[in-house]
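Chemist: Next up is a structure, given as structure tokens.
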Protein chains: 4
Amino acid sequence: MNVRTPDPNPGWLSDEDLYEARRRLPMVYVEAIPVRCDALGYVDEVGLLLQANEQGEMVRTFVSGRVMYRETIRAALLRHLEKDLGPLALPQLSPSPLPFTIAEYFPSPSETGLTDDRQHAVALAYLIPVTGECNPRQDALELSWMTPAEALSPAIQAEFSGGRADLLRQALAHAGWGR
Amino acid sequence: MNVRTPDPNPGWLSDEDLYEARRRLPMVYVEAIPVRCDALGYVDEVGLLLQANEQGEMVRTFVSGRVMYRETIRAALLRHLEKDLGPLALPQLSPSPLPFTIAEYFPSPSETGLTDDRQHAVALAYLIPVTGECNPRQDALELSWMTPAEALSPAIQAEFSGGRADLLRQALAHAGWGR
Amino acid sequence: MNVRTPDPNPGWLSDEDLYEARRRLPMVYVEAIPVRCDALGYVDEVGLLLQANEQGEMVRTFVSGRVMYRETIRAALLRHLEKDLGPLALPQLSPSPLPFTIAEYFPSPSETGLTDDRQHAVALAYLIPVTGECNPRQDALELSWMTPAEALSPAIQAEFSGGRADLLRQALAHAGWGR
Amino acid sequence: MNVRTPDPNPGWLSDEDLYEARRRLPMVYVEAIPVRCDALGYVDEVGLLLQANEQGEMVRTFVSGRVMYRETIRAALLRHLEKDLGPLALPQLSPSPLPFTIAEYFPSPSETGLTDDRQHAVALAYLIPVTGECNPRQDALELSWMTPAEALSPAIQAEFSGGRADLLRQALAHAGWGR
């Protein structure tokens, strides 16, 4: 029986409700790996974020976040890109809605090799060319641009956690980079 | 602070909780359109379900259902294919995890053209070759096989609801059928 | 026995040799359908060319042309886009090398539904966002921009030949348009 | 004007003509990497060929070959799969015509990283599940099945030439394997 008072923010979850939902339902996420391309479309540089995790360690991450209730995937992508890269990044979303892969994160080890302590997340992972100026707006966030070869070097690969180094390799393979 | 008693079925939602979640969070779905292919991989026939909706009208649908907490997309696909086509259908899941499109259903009209009264659903939509015998197990369900041309005929297209006729056209276009 | 004098233009074929090759070998082509997208990546408009065919009839076509010996697909795409849309079109090639489909044209009817009197062509067909100004440079060429709904209308569809109307439907389906 | 006598084998090229064409035109190729998948579609094993090259060295290769004049890509794929894996391999061609990548081989180094001394080849590269028994019919050919991890090991990677190790990594990334 549902006798709760009308919700002033339908579609908005309290922290506790979100905590509960994360233990019961897969969450829809978008992930974006920003790239700079040359005129022919070849990837010149990959943008990787460096961020402190809950243990205070610096880890490499991608632009990432939840899709809200009644929000389209494209709107969620733009919102998270603007949040993490600033309003002048000028991301070029593809006319195709297809990601380069579907990344499935689980709270414990699984076939997918991707883990997230907090939740089961189904992330649509995109490679997104950006043509403008990127200025991460959050203090705790640093953005580094590097060539595909640098991004795939063991030193950088070791800075990822939760299996995300694999995801970067898949993204670059999707762009024709197998090295 | 979370002082609720331990949940005997973590990952299971009561009907009321699911009803609430559907008004607050996008749900992860899989959809599958079964096809029969010839030896070269060309689509010979498309399998469409006919099912009574809540108003008692017969509507065309696809194999479709929720991805459960801690369930992989591939496991959810097989589970729903077996539920709707029976255990002898022998679906051939592709080595690639990519769907032919991401279908976004909203409870009210949107850019995507797809609607679902109950919820906001993000559905990964796959075209799945099946090689075995299909016997829908649910009484209320009928499966018809038809050629791509028949499936795209105005009469059949009119039997879809919620924008799903578009989705079928996208699926067949993905297989090289534009007609 | 090969006693020809050294070729001053290796990689270049005389008209007669090209005519002969076209009767013996599949030709590699690129095709591009230019689109204008909004900030979210949704297709606003499709650019279609109108051109006189050999019988003097006006037919709808796409940007299209041969891949030359030692030319990359990306270079061929840019070359043909510039030739047909002018040097200020600013096409945005995707980081992924994948086309929306592989179009197989045959000199006589086949499974693919696509025909080309002159040759067997294997065309990699791309949907390409353009952000600049388009000015077809060839006199015999006219470029019209129209919405996806207009482009899929029976009147416009009837202006295509060789099965290309199907290809346009596949391109728009790839961008999430099934209508 | 073309006054040559009618060709008794239109679509067939003499060895000399083929040699000449290979110096003037890109050749259309198909490449296939056979895989064995489990019921969920995850790749269990990859099939790699071992073959003596012109210098008598053993190198790893894929199923590969030319698309003939008037032959569809699907027919060419099946023909080369049968030639290299035998008539009982039972390859499962996907309903989608899209390869996992377009591999561009050039006779000299280029942006693509792929080389082929003999020619400029544009190869549509597919990952193909096979369910039957594979018996390479050509004496000089050996087929080995190995896990994705083995196939990506440095020892096996070193056995490829012409950049094909990259291609294998792209194929496995396409199937969700980034490791």
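The values are calculated or read from the model by the stated rules, or taken from the named source; none is laboratory data. Nothing here was measured: the structure is a model prediction, and the numbers come from that model. All Cβ positions, glycine included, derive from the backbone under ideal geometry; neighbour counts span all protein chains shown.
Chemist: Enumerate the pairs (first residue in the stretch B:155-179 and within 10 Å of chain C (Cβ to nearest Cβ) and assigned to a helix (DSSP H, G or I); second residue anywhere and of a type in the set (Lys, Arg) and surrounded by 21 or more Cβ atoms within 10 Å (Cβ to Cβ)) with beta-carbon separation below 8 Å, excluding pairs fewer than 6 apart on the same chain, so at least 6 apart or on different chains.
Modeler: Filtered contacts from the stretch B:155-179: B:Arg169/C:Arg169; B:Ala173/C:Arg169.
Chemist: Within the stretch B:92-109, identify whether any single residue is more than 13 Å from chain D (Cβ to nearest Cβ), surrounded by fewer than 16 Cβ atoms within 10 Å (Cβ to Cβ) and either among the basic types (Lys, Arg) or touching a Ser or Thr at 6+ places or on another chain (Cβ under 9 Å) (or both), and answer yes or no.
Modeler: yes
Chemist: While we're looking at this one, here's another question. Can you find, within the stretch D:97-123, the residue that is nearest to C:Ala123 (Cα to Cα) among those that are polar (S, T, N, Q), in a loop (DSSP other than H, G, I, E, B) and without any contact (Cβ under 8 Å) to a residue 60 or more places away in the chain?
Modeler: We begin by selecting, within the stretch D:97-123, every residue polar (S, T, N, Q); these are D:101, D:108, D:110, D:112, D:115, D:119.
Narrowing further to those that are in a loop (DSSP other than H, G, I, E, B): D:108, D:110, D:112, D:119.
Checking the rest, the ones that are also without any contact (Cβ under 8 Å) to a residue 60 or more places away in the chain come to D:108, D:110, D:112.
Details: D:Ser108: 24, D:Ser110: 22, D:Thr112: 19 Å.
It comes out as D:Thr112.
Chemist: Only residues in the stretch B:18-33 that are more than 8 Å from chain A (Cβ to nearest Cβ) count as the first member; pair them with residues that are part of a strand (DSSP E or B) and β-branched (Val, Ile, Thr), Cβ under 8 angstrom, at least 6 apart or cross-chain, and list the lot.
Modeler: Hits for this filter: B:Tyr29/B:Val122; B:Glu31/B:Val63; B:Ala32/B:Val63; B:Ala32/B:Ile128; B:Ile33/B:Val46; B:Ile33/B:Val63; B:Ile33/B:Ile128.
Chemist: Continuing with the same structure: From the list A:Val122, A:Val130, which one is modelled with pLDDT of 95 or more and within 14 Å of chain C (Cβ to nearest Cβ)?
Modeler: A:Val130
Chemist: Could I ask something else about it? From the list D:Gly56, D:Gly86, which one is at pLDDT below 95, in contact with a Cys (Cβ under 9 Å, 6 or more places away or on another chain) and at positive phi? Outline the logic, then answer.
Modeler: Values: D:Gly56 fails: in contact with a Cys (Cβ under 9 Å, 6 or more places away or on another chain).
Only one candidate passes the filter, namely D:Gly86.
Chemist: Next question. I need the full set of residues from the stretch C:111-160 which are surrounded by fewer than 15 Cβ atoms within 10 Å (Cβ to Cβ) and under 24 Å from C:Arg24 (Cβ atoms), in order please.
Modeler: Residues satisfying the conditions are C:Glu111, C:Asp117, C:Arg118.
Chemist: Give me the residue from the stretch A:141-154 that is out of contact with any strand residue (DSSP E or B) (no Cβ under 7 Å at 6 or more places or on another chain), over 21 Å from A:Asn53 (Cα atoms) and in a helix (DSSP H, G or I) and, out of that set, farthest from the other protein chains (Cβ to nearest Cβ).
Modeler: Top of the filtered list is A:Glu150.
Chemist: If you go through the stretch A:66-84, how many residues are of a type in the set (Asp, Glu), touching a residue at least 40 places away in the same chain (Cβ under 8 Å) and part of a loop (DSSP other than H, G, I, E, B)? Full working, then the answer.
Modeler: Taking the stretch A:66-84 and keeping what is of a type in the set (Asp, Glu), we get A:71, A:82, A:84.
Keeping just the survivors that are touching a residue at least 40 places away in the same chain (Cβ under 8 Å) gives A:84.
Cutting the leftovers down to part of a loop (DSSP other than H, G, I, E, B) gives us none.
Residues meeting the conditions: 0.
Chemist: Identify, from the list A:Pro26, A:Pro95, the residue that is modelled with pLDDT of 90 or more and out of contact with any Cys (no Cβ under 7 Å at 6 or more places or on another chain). Don't jump to the end; show me each part of the working.
Modeler: On the way: A:Pro95 fails: out of contact with any Cys (no Cβ under 7 Å at 6 or more places or on another chain).
It is A:Pro26.
Chemist: Here is a follow-up. Among the residues of the stretch D:35-65, what is the count of those that are within 29 Å of B:Leu78 (Cβ to Cβ) and not in a loop (DSSP other than H, G, I, E, B)?
Modeler: 10
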